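Student: Structure below; questions to follow.
The values are calculated or read from the model by the stated rules, or taken from the named source; none is laboratory data. What you see is a predicted model, and the numbers here were worked out from it, not measured in a lab. All Cβ positions, glycine included, derive from the backbone under ideal geometry; neighbour counts span all protein chains shown.
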Ligand SMILES: [Zn+2]
Ligand SMILES: [Zn+2]
């Protein structure tokens, strides 16, 4: 394989490595070697997500050391010998979850539960680096989308996967608990699906103000303030057990509930199962996505789900650790933080 031009290609690249929980190094490392079916992507924008924070804190299934970063877009720098769909200069977003396509789960169209699951930025080197190697099958053309918009393809594909579990009817109503970047993506996608009345709950004043203005909707301070027995669809985007329990109260009889936020793995929840029976509720969970990238790109490309106003910070690799601190504190006004390596 002959590497093409690109600053730093021959001399290695700058990368952020999580060596072990709570230990970050910014260093010059070897530019990833390419397998015949892989692309080398020059990273233009990479979102920081809760999963990166969990890997940093040691509370997620990361393998160490690892370069984090799985929500990203960039341009193809070079391609392996067997790559057919791409050539240098193509602009791509990447689906970071890499199913083996050869286990019982994959062969049953449940690639998100692949028994040999790998993921860019979790089990193999990710995009908080100048370059990242990805399989061709994980890369998608982004057309005229900006790289910053395309950095939302991955979280939006998870949102699409979650909402596809629901029966969304034109003119239905929804409440969303949690109005951070994911909550706003959920609300905008619900709207694109025909939900006409949306209300939200958010504790952070800056996020509350942003969501109210960006969506033109009422945003209450706490899930307990949502009306009871009111909404056709209720989504939790917090993963906080008390908030999740309140989704059952806000739901009208016959409603569907989506628990989208990621709770702590040892969290417990208290609620009255009688309410689920009496109100005939359907409760859905959602884990990553299954081939929803094209749908996500379509939602972005058509403007059905705008995202640029969600970017609150643009930082270099050197600033990522302090951003982890801000996100962990939960008190800042941050929405989406993009790393521009
Ligand atoms: Zn993520
Ligand atoms: Zn598999």
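Student: I'd like to verify a number: residues in the stretch 87-117 that are touching a residue at least 40 places away in the same chain (Cβ under 8 Å), away from ligand 1 (no atom under 16 Å from the Cβ), more than 23 Å from residue 12 (Cβ to Cβ) and in a loop (DSSP other than H, G, I, E, B), how many? Break it down into steps so the answer makes sense when it comes.
Tutor: Here is the first cut: in the stretch 87-117, the residues touching a residue at least 40 places away in the same chain (Cβ under 8 Å) are 88, 90-98, 109-113.
From what's left, away from ligand 1 (no atom under 16 Å from the Cβ): 88, 90-92, 109-111, 113.
Still in the list and also more than 23 Å from residue 12 (Cβ to Cβ): 90-91, 109-111, 113.
Remaining after also requiring in a loop (DSSP other than H, G, I, E, B): 90, 109-110.
So the answer is 3.
Student: Here are some conditions: (1) over 30 Å from residue 19 (Cβ atoms); (2) out of contact with any strand residue (DSSP E or B) (no Cβ under 7 Å at 6 or more places or on another chain); (3) surrounded by 15 or more Cβ atoms within 10 Å (Cβ to Cβ). Residue 263 meets all but one. Which one does it not meet?
Tutor: The single condition residue 263 does not satisfy is (1).
Student: Determine whether residue 17 is at pLDDT 95 or above and more than 27 Å from residue 183 (Cβ to Cβ).
Tutor: On the way: at pLDDT 95 or above: yes; more than 27 Å from residue 183 (Cβ to Cβ): yes.
So residue 17 fits the description; yes.
Student: Answer yes or no as to whether residue 203 is over 17 Å from residue 171 (Cβ atoms) and not in a strand (DSSP E or B).
Tutor: Details: over 17 Å from residue 171 (Cβ atoms): yes; not in a strand (DSSP E or B): yes.
Considered against the rule, which asks whether it is over 17 Å from residue 171 (Cβ atoms) and not in a strand (DSSP E or B), residue 203 comes out as yes.
Student: Let me ask something additional. For the stretch 51-72, indicate whether the set of residues that are part of a loop (DSSP other than H, G, I, E, B), free of Cβ contacts under 8 Å to residues at least 24 places away in the same chain and within 16 Å of ligand 1 (Cβ to nearest atom) is non-empty.
Tutor: The answer is no, given that none of the residues of the stretch 51-72 is part of a loop (DSSP other than H, G, I, E, B), free of Cβ contacts under 8 Å to residues at least 24 places away in the same chain and within 16 Å of ligand 1 (Cβ to nearest atom).
Student: Considering only the stretch 282-299, state which residues are in contact with a strand residue (DSSP E or B) (Cβ under 9 Å, 6 or more places away or on another chain), surrounded by 15 or more Cβ atoms within 10 Å (Cβ to Cβ) and in a helix (DSSP H, G or I).
Tutor: Answer for the stretch 282-299, where residues must be in contact with a strand residue (DSSP E or B) (Cβ under 9 Å, 6 or more places away or on another chain), surrounded by 15 or more Cβ atoms within 10 Å (Cβ to Cβ) and in a helix (DSSP H, G or I): 293, 296, 297.
Student: Restricting the search to the stretch 118-152, which residues are assigned to a loop (DSSP other than H, G, I, E, B), surrounded by fewer than 19 Cβ atoms within 10 Å (Cβ to Cβ) and within 16 Å of ligand 2 (Cβ to nearest atom)? Break it down stepwise before answering.
Tutor: Start the filter on the stretch 118-152 by keeping residues that are assigned to a loop (DSSP other than H, G, I, E, B), which leaves 121-123, 125-128, 130, 142-146, 151-152.
From what is left, the residues that are surrounded by fewer than 19 Cβ atoms within 10 Å (Cβ to Cβ) are 123, 143-144, 146.
Hit for the stretch 118-152 is 123, nothing else.
Student: Within the stretch 79-91, identify whether any single residue is under 20 Å from the mean Cα position of the chain (by Cα) and either at pLDDT 95 or above or away from ligand 2 (no atom under 12 Å from the Cβ) (or both), and answer yes or no.
Tutor: Narrowing the stretch 79-91 to residues under 20 Å from the mean Cα position of the chain (by Cα): 91.
Checking which are either at pLDDT 95 or above or away from ligand 2 (no atom under 12 Å from the Cβ) (or both) leaves us with 91.
Yes, the stretch 79-91 contains a residue that is under 20 Å from the mean Cα position of the chain (by Cα) and either at pLDDT 95 or above or away from ligand 2 (no atom under 12 Å from the Cβ) (or both).
Student: Within the stretch 27-47, identify whether any single residue is assigned to a loop (DSSP other than H, G, I, E, B), within 16 Å of ligand 1 (Cβ to nearest atom) and in contact with a strand residue (DSSP E or B) (Cβ under 6 Å, 6 or more places away or on another chain), and answer yes or no.
Tutor: no
Student: Does residue 181 fit the bill of being within 14 Å of residue 95 (Cβ to Cβ) and touching a helix residue (DSSP H, G or I) at 6+ places or on another chain (Cβ under 8 Å)? Lay out the reasoning, then the answer.
Tutor: On the way: within 14 Å of residue 95 (Cβ to Cβ): no; touching a helix residue (DSSP H, G or I) at 6+ places or on another chain (Cβ under 8 Å): yes.
Answer is no for this residue.
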